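A short worksheet on the structure shown next.
The values are calculated or read from the model by the stated rules, or taken from the named source; none is laboratory data. Everything quoted here is computed from the prediction, not taken from an experiment. Methodologically, a virtual Cβ is constructed for each residue, glycine included, from the backbone with ideal geometry; neighbour enumeration extends over all protein chains shown. To get the accessible areas, we keep the full protein, side chains included, count just its heavy atoms, and leave off ligands, DNA and RNA. Shrake-Rupley method; radii C 1.70, N 1.55, O 1.52, S 1.80 Å.
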Amino acid sequence: MRHLEQHRTHRIGWLRAAVLGANDGIISTASLVVGVAAASATRESVLVAGVAGLVAGAMSMATGEYVSVSSQADTEAADLAREQEELNTDALFEHQELTAIYVQRGVEPDLAAKVAEQLMARDALGTHAREELGISETMSANPIQAALASAATFTVGAALPLLVILVAPATYLSWTVSITSLLFLAALGGLAAYVGGSSVLKAAARVTFWGVLAMALSAVVGTFFNVTP
């Protein structure tokens, strides 16, 4: 009987970028909208500010993710190149190094040496990348994927408060955007936790807390710039 296991580590790369993008989209846009609305601005002014925040935020997220993940990818590439050079110049030492790694993990020395020999014969660089450097296909950096995921999910997250602006009563604009955005954040936190296999309630409470704090501070700032004649 085959034992099938469901793991979620392969989702870490895109899930982190997607959750970060959507979460930032909701919080930053909602906070911006609430801050502008608290200054007694018109619905049109609030909407313009929100759309500008969406465009700027999406580009900022894409750029930031691409640059940061590219730096990680460059570091991984440099480490792999160095490891390949060491394998070419001193394969015996690399074999001993890999053997020592397995011994430290509890494998008998003789068996560890045989395992290291067989794995290096099959894929020396891949084995050392995984065992020595901690680099694997599952965890390796993907700048394009991270940038696109962040920009797309930021746009989706930021669009939610903007849609609320279009239908909410002007008198209660700040409160309506705040409450609905917190519901969006809680749902996002719970969904991300479910996909990642962690506690739904804990994740929802965590992201909601920071959303409340961000919007409250933005509202306080907005009241200092009340534009009502």
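Counting only protein heavy atoms and a 1.4 Å probe, region 55-101 has 59 square angstrom of accessible area per residue. Across all directions, the shadow cast by the convex hull of region 168-213 built on its C-alpha atoms averages 3.1 square nanometres. Computed from backbone phi, the HN-Hα couplings of region 207-217 come to 6, 5, 4, 5, x, 4, 4, 5, 6, 5, 5 Hz, rounded to whole numbers (Karplus: 6.51 cos²θ - 1.76 cosθ + 1.60, θ = phi - 60°; Gly and Pro given as x). The string of couplings for region 113-125 from the Karplus curve (6.51, -1.76, 1.60, θ = phi - 60°) is 5, 5, 4, 4, 5, 5, 5, 5, 5, 7, 7, 5, 5 Hz, one whole number per residue in order, with x for Gly and Pro.
For the peptides 159-167, 67-75, the ranking by packing is 159-167, 67-75, with the highest mean count of neighbouring Cβ atoms within 10 Å listed first. Carbon-plus-sulfur accessible fraction, region 81-132 (probe radius 1.4 Å, protein heavy atoms only): 51%.
Which is the longest part of the chain that has none of the trypsin sites (Lys or Arg not before Pro) sitting in a DSSP loop with at most 16 other Cβ atoms within 10 Å? Write down the numbers at each step before the final one.
On the way: sites that count: 2, 8, 105.
Here the longest segment lacking exposed loop sites spans 106-229.
If you take all other residues with their beta carbon under 11 Å from the beta carbon of residue 100, and give Lys and Arg +1 and Asp and Glu -1, the sum is -3. In this structure region 110-229 gives 59 Å² per residue of accessible area when probed at 1.4 Å with all protein chains present.
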